[in-house]
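Structure, as structure tokens:
The values are calculated or read from the model by the stated rules, or taken from the named source; none is laboratory data. Worth saying up front: this structure is predicted, and the values here are computed from it rather than measured. Here the Cβ is made from the backbone with ideal geometry for all residues, glycine too, and neighbour counts use every protein chain on show.
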Amino acid sequence: MLPLIGSDLRAKLPSSRARVFSRIALFDLVWAGISPILAFLIRDGSINRIDSVAVYCCIALVVSVIVFQWFKISSPIPTFFSVHDALTITQACLTAVALAAAILFVFTRLEDAPRSVPIIHFFVLTGGLVAERAVARLVATRRAKSISLIDCQDIENILVIGASRLAWFFSKMLEEFSSHERRIVSILDERPWLYNRTLNGFSIIGSPANLSKIIDEYATHGIEIGKVVIAEHRESLKNTSWEEISKTCSAKNIPIEFLHERLLFSHTLNLKSLETPAVDVDLAASFSGPVYWKIKRLLDIIISLATTITISPLAMLVAALVLVDVGFPIVFWQQRLGQFGRPLYVYKFRTMRNSISRDGQLIPEAERLSLFGRLLRRNRLDEIPQLLNILVGSMSIVGPRPLLPVDQPKNIQLRLQVRPGLTGLAQINGGKLLTADEKDALDEWYVRHVSLLLDIKIVLRTLWVIVRGDHRNNAQISAALAERHLKSNCVTE
């Protein structure tokens, strides 16, 4: 199985534990109302038509509140505001401004608002929200810092080996809980291009191969190194570096500490599993060749945004009926494997009632699916929320359907090289009537033969499948299985 490369390990709440409404900070609400006005002022220097500005501002405010709820941008604690939170805010603001502009364009053609206003609005909205959180974090950090007179002789001086995320985490932990007892004096790393750079304010001064000389240099300045902390796995260090570290620390009686062992992380991690998996030769060629791969993401954004606006009345109707039928929450999620094996949260409208009755008894699964839920599944309307997955870039309109980890085929390298799709070749050639092996063969065939014409064909046939139901296309299934068998034999030989 592919590793979770660059994955987001933040777990989501089960549907039964999710709040209906997320927190909205007062500043976010006020800034969502002020930012469109500032956009007009920056653009024109004044407000010429109050009525047109008022319409834009009202729609922008309503859309922003809804999107902020969806992205939960006010939930993170300001003291711990991070780059991840800033990216979430940027995505939320881009979605809010784009949806507001699209709605206005549908009804007014943006006749009373210059085309540059939404762009300015996006930068003002994003900049204000990010700046407010950055200032809040700075103020909170300064309040938390206390200056005290400490006997410097009692502080343990630490040299860290490896400029890694673990080293960054360790430095933050020392700052927060143990700055009066231990301190990092500098960091050593084997990569020359990192020298003279800093990690959380600590300088990377050289290589572990020069550990003895560096310790002696610090000693001449009155700083005795009390411990060497290694923020990498032993296997990742060069033999020459490890020999120098062990020899020097043994001679100078300096203890060595592996940070992952101190933090109770397993030392048996297979480092090779973290490497990017090998890519199928044919697939690599297809990625670098056709221009279509470069424009597919742009088409996904345009089509999903247009579809979201077009079917928004239907989506609101479905949401209302789901609320009446199964109650809150209206939308639930399932974790699947996305592109490159990253965790993917697939959103759907709920079609099943709670598994436990009010008196605490388990409800059979056959009784949980309502008549309305069956109708939603039959017409694929429960998949509407996945348009947001497409907008944020975790899915595509057409591609291999994302599978649960337990349903993944043995060889997943090829299918996980592309974004999973809302629909795919397997869905129009049998869908639920296919075996897992047949679905996998069809998905691999799609990845090898992807084109604009093929995607258009799949989208059109998906609409037909929704009307008539699933039917097996034995000719396409046989062709996909035969091609996969041929490719596997070529690789074996």
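Here are the numbers for this structure:
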{"item": "From the options P76, P3, residue that is surrounded by 15 or more Cβ atoms within 10 Å (Cβ to Cβ), closer than 30 Å to K410 by Cα and either modelled with pLDDT under 75 or not assigned by TED's automatic domain parsing to the domain that holds R350 (or both)", "result": "P3"}
{"item": "Subset of the stretch 370-388 (residues that are among the hydroxyl-bearing types (S, T, Y) and not in a loop (DSSP other than H, G, I, E, B))", "result": "none"}
{"item": "Residue match in the stretch 395-407 (condition: over 24 Å from I302 (Cβ atoms) and touching a Ser or Thr at 6+ places or on another chain (Cβ under 9 Å))", "result": "no"}
{"item": "Only one of V106, V117, V63 that is touching a residue at least 40 places away in the same chain (Cβ under 8 Å), over 21 Å from L38 (Cβ atoms) and either out of contact with any Cys (no Cβ under 8 Å at 6 or more places or on another chain) or not small (G, A, S) (or both)", "result": "V106"}
{"item": "I204 touching a helix residue (DSSP H, G or I) at 6+ places or on another chain (Cβ under 6 Å) and in the same structural domain as V185 (by TED's automatic domain parsing)", "result": "yes"}
{"item": "From the options L463, L453, residue that is within 21 Å of L376 (Cα to Cα), within 33 Å of the chain's Cα centre (by Cα) and either in contact (Cβ under 8 Å) with a residue 24 or more places away in the chain or not in a loop (DSSP other than H, G, I, E, B) (or both)", "result": "L463"}
{"item": "Where W70 falls short, out of the listed (1) under 20 Å from A131 (Cβ atoms); (2) at pLDDT 80 or above; (3) not acidic (D, E)", "result": "(1)"}
{"item": "Meets criteria (free of Cβ contacts under 8 Å to residues at least 60 places away in the same chain, crowded, with 19+ Cβ neighbours inside 10 Å and farther than 19 Å from Y347 by Cβ) for R415", "result": "yes"}
{"item": "A426 being surrounded by 13 or more Cβ atoms within 10 Å (Cβ to Cβ), part of a helix (DSSP H, G or I), on the phi < 0 side of the Ramachandran plot and free of Cβ contacts under 8 Å to residues at least 40 places away in the same chain", "result": "yes"}
{"item": "Only listed residue being at negative phi and out of contact with any helix residue (DSSP H, G or I) (no Cβ under 8 Å at 6 or more places or on another chain), chosen from A54, A102, A113", "result": "A54"}
{"item": "Residue selected from the stretch 452-478 under the condition among the polar types (S, T, N, Q) and surrounded by 12 or more Cβ atoms within 10 Å (Cβ to Cβ), by the criterion farthest from T307 (Cα to Cα)", "result": "S478"}
{"item": "Residues of the stretch 307-355 that turn out to be within 22 Å of the chain's Cα centre (by Cα) and assigned to a helix (DSSP H, G or I), as a count", "result": "4"}
{"item": "Some residue of the stretch 49-57 being outside the structural domain of T307 (by TED's automatic domain parsing), more than 24 Å from L388 (Cβ to Cβ), charged (D, E, K, R) and assigned to a helix (DSSP H, G or I)", "result": "yes"}
{"item": "Subset of the stretch 389-411 [modelled with pLDDT under 85, within 18 Å of Q427 (Cα to Cα) and part of a loop (DSSP other than H, G, I, E, B)]", "result": "L403, L404, Q408, P409"}
